Amino acid sequence: MVSRPTRLTPPVECVRLYDAEAGLDGVIVIHSTALGPGAGGCRFWSYPDFDAAFADAMRLAEGMSYKNALAGLPLGGAKAVLRRPAGEFDRTKLFRAFGRAVEALGGLYVTAEDVGTTVADMQEIASVSRHVAGLPPAKGRAGGDPSPWTAKGVFESMRAAAGFALGSELAGLTVAVQGTGNVGAELCRRLAAAGARLVVADPSPARRDRLSAVHGAAVVGVDEIAGVEADIFAPCALGGALDRDGVGRLKARLVCGAANNQLASPEVADLLLDRDIAYVPDYVANAGGIISVSAEYLGEDESDVEVRVGAIAPRVADLLARAAREGRSPAVVADEMAEEAIAGAQRVAA
Ligand code: NAD
């Protein structure tokens, strides 16, 4: 089996952000606007240099194009990555300076929370730009913390995939959850309610132990979780959960989780296929968060989010069936489906 090369395609626009006085140093990468404004969160993280931040932004922006296209959203893909200053800094000043850069793009880029940014940061951006989501919602309207929607989409994807690949309901299955933060904890709550058994790992004792207390989850070390006896492995921590060695150690027959970029490299998808381990591509399962963000930006209601998140599981079932029919990895098939959606919009625009 031959893997596809990494997908990186040229972005539509890259905007270098630098304002020494405000402590702003980063980049906005708009990867695609074929389906609508480029949308993707703002990551605020310590990077050794600008090149590292830029590389991350390129990869993440491209991933957003695929995720938004496959979720059927009227949005392209983009991402902002800001380097966290090493010393003291004025957070208000920094995020207002970033917000002015977002506003200057006139709606070509829509931002929201990502790793390292908060609702309060989005509120600072909103004081200078309209092109931001992830703000506290008005009653009945879409908005607020997207994590519960992400967890719902992942849970329903897992249920559909377990039915297809394992021929089983979730009740009685064992799920190994790597990372019990905002999404992982809510996923565990749903799994426990569905009668699944849980094994969890998280470097934060407070986060993992509350799950053991409430849902009777077994706790293992972070280095063990990928290889424990389980039916399903759910990566819900950071990216790169599965590399070549990790796939070799997996005992689970299905991988489905919330983390972005779960596969350390594209050929890992082929290794999973070779070992007959079903894989739900990360960006298909975890689209609930961007669906909520998108609805908020477009001024839609919570019921619209409910409908679109409800469409994730049937999409997963279709994707797995198509991949099985064609003897290919669901990761490759999902990429092709997203590329078809983007190319279709480009043809209509031309
Ligand atoms: P979070 O920061 O709340 O939780 C991540 C958890 O992973 C933390 O508790 C952390 O301690 C733990 N962790 C870190 N390294 C670990 C390791 N080696 N082993 C086990 N646990 C580890 O983040 P989140 O919002 O729950 O998001 C989880 C993942 O899902 C991230 O990859 C994120 O990019 C992705 N995601 C989140 C959303 C969302 O709506 N929040 C949407 C799409 C994708």
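The values are calculated or read from the model by the stated rules, or taken from the named source; none is laboratory data. Just so you know, these numbers come straight off a predicted model, no measurement behind them. Virtual Cβ from ideal backbone geometry, glycine too; neighbours counted across all protein chains shown. Accessible surface is based on the protein model in full, side chains and every heavy atom, while ligands, DNA and RNA are left aside. Shrake-Rupley method; radii C 1.70, N 1.55, O 1.52, S 1.80 Å.
Among the residues of segment 258-278, are any closer than 14 Å to Leu73 by Cα, assigned to a helix (DSSP H, G or I) and touching a helix residue (DSSP H, G or I) at 6+ places or on another chain (Cβ under 6 Å)?
Taking every residue of segment 258-278 in turn, none turns out to be closer than 14 Å to Leu73 by Cα, assigned to a helix (DSSP H, G or I) and touching a helix residue (DSSP H, G or I) at 6+ places or on another chain (Cβ under 6 Å).
Would you confirm whether or not segment 312-322 contains a residue that is in a helix (DSSP H, G or I), buried (at least 19 other Cβ atoms within 10 Å of the Cβ) and acidic (Asp, Glu)?
Scanning segment 312-322 turns up no residue that is in a helix (DSSP H, G or I), buried (at least 19 other Cβ atoms within 10 Å of the Cβ) and acidic (Asp, Glu).
Is it the case that segment 56-68 has a residue that's touching a residue at least 60 places away in the same chain (Cβ under 8 Å), buried (at least 21 other Cβ atoms within 10 Å of the Cβ) and assigned to a strand (DSSP E or B)?
Scanning segment 56-68, I find no residue that is touching a residue at least 60 places away in the same chain (Cβ under 8 Å), buried (at least 21 other Cβ atoms within 10 Å of the Cβ) and assigned to a strand (DSSP E or B), so the answer is no.
So that you can scan it fast, the table gives a plain yes or no per residue for (1) of a type in the set (Asp, Glu); (2) without any contact (Cβ under 8 Å) to a residue 40 or more places away in the chain; (3) in contact with a strand residue (DSSP E or B) (Cβ under 8 Å, 6 or more places away or on another chain); (4) assigned by TED's automatic domain parsing to the domain that holds Gly240:
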| position | (1), (2), (3), (4) |
| --- | --- |
| Asp274 | yes, no, no, yes |
| Ile277 | no, yes, yes, yes |
| Ile291 | no, no, no, no |
| Val309 | no, no, no, no |
| Ala323 | no, yes, no, yes |
| Ala345 | no, no, no, no |
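Considering only residues that are open to solvent by 60 Å² or more (accessible area, probe 1.4 Å) and of a type in the set (Ser, Thr, Tyr), which ones fall in segment 127-149?
Within segment 127-149, Ser127 is the sole residue that qualifies.
Pairs under 9 Å by beta carbon, first residue over 8 Å from Ile232 (Cβ atoms) and in contact (Cβ under 8 Å) with a residue 40 or more places away in the chain in segment 170-184, partner assigned to a strand (DSSP E or B) and among the polar types (S, T, N, Q), six or more apart or different chains?
Short answer, once both residue conditions are applied: Gly184/Gln178.
What about Ile225, is it on the phi < 0 side of the Ramachandran plot, in the same structural domain as Val199 (by TED's automatic domain parsing), more than 12 Å from the ligand (Cβ to nearest atom) and in contact (Cβ under 8 Å) with a residue 24 or more places away in the chain?
So Ile225 fails the test.
Considering each residue of segment 202-222, count those that are within 11 Å of the ligand (Cβ to nearest atom), aliphatic (A, V, I, L, M) and assigned to a loop (DSSP other than H, G, I, E, B), and give that number.
2
Got at least one residue in segment 45-53 being open to solvent by less than 10 Å² (accessible area, probe 1.4 Å) and over 14 Å from the mean Cα position of the chain (by Cα)?
Taking every residue of segment 45-53 in turn, at least one turns out to be open to solvent by less than 10 Å² (accessible area, probe 1.4 Å) and over 14 Å from the mean Cα position of the chain (by Cα).
Of the residues that make up segment 279-288, is at least one touching a residue at least 24 places away in the same chain (Cβ under 8 Å) and open to solvent by 40 Å² or more (accessible area, probe 1.4 Å)?
no
Which helices (runs of 4 or more DSSP H) sit wholly inside segment 83-187 and have at least 3 residues that are more than 12 Å from the ligand (Cβ to nearest atom), within 22 Å of Pro314 (Cα to Cα) and not basic (Lys, Arg)?
By residue number, 147-161.
Take the residues in segment 1-18 that are within 30 Å of Leu298 (Cβ to Cβ) and in contact with a Leu (Cβ under 9 Å, 6 or more places away or on another chain), then tell me which one is modelled with the lowest pLDDT.
This residue is Val12.
Considering segment 240-257 alone, what residues qualify as being part of a loop (DSSP other than H, G, I, E, B) and surrounded by 17 or more Cβ atoms within 10 Å (Cβ to Cβ)?
Hits for segment 240-257 are Ala241, Leu250, Ala252, Arg253, Cys256, Gly257.
Residues in segment 16-39 that are in a strand (DSSP E or B), closer than 22 Å to Pro74 by Cα and out of contact with any Ser or Thr (no Cβ under 6 Å at 6 or more places or on another chain): how many?
5
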